[in-house]
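> The structure under discussion is supplied below as C-alpha cells; questions concerning it will follow.
Every read-out reported here was derived from the displayed coordinates using simple, explicitly stated rules and does not represent laboratory data. Note that the structure is a prediction, hence the values are computed from the model and not measured. Here Cβ is always computed from backbone atoms with ideal geometry, including for glycine, and neighbour counts include all displayed protein chains.
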Amino acid sequence: MSSTVTIRLEEATKDKLEKLADATHRSRSFLAAEAIKAYVESNEWQIGEIHEAIKEADAGDFTTEAEVLAVVDKWKVK
C-alpha cells in the first residue's frame, strides 16, 4: 500500500530529477520514492546503532586498550 506525499524541491533539483526520470524511463515519483526509502533505511539503521552503542556505554561495555591497539596494528602499513 502506498500513500501520497507532497514535497517542495528547488527548481534545479526538480530539473535534474526530470532528466533522470527521462533517462531511466521511470517516473519522477518512482525515483523520489526510491531515494526517500534509501535515505530513511540508512538513517534508521544509523540511529538504531547509536542507541545500541549508548546502551553499551551506559552498561560500561567498552573496548579495552589492548583490543583497540590490536585493530590499529592490523591496519598499519608494513
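> Rg/Rh for the chain: what does it come to with C-alpha atoms and Rh from Kirkwood?
Value, to two decimals: 1.27.
> Report, in debye and to the nearest 20, how large the dipole of the range 11-75 comes out about its Cα centre when Lys and Arg carry +1 and Asp and Glu carry -1 on their Cβ.
620
> Quick one: how many lysine pairs in the chain have C-alpha atoms under 29 angstrom apart, if they're 8 or more apart or on different chains?
5
> Along the charge dipole of the chain, pointing to its positive end and built from +1/-1 on Cβ of Lys, Arg, Asp and Glu, which listed residue (Trp45, Ala23, Thr64) has its Cα farthest out?
Going by the Cα projections, it comes out as Ala23.
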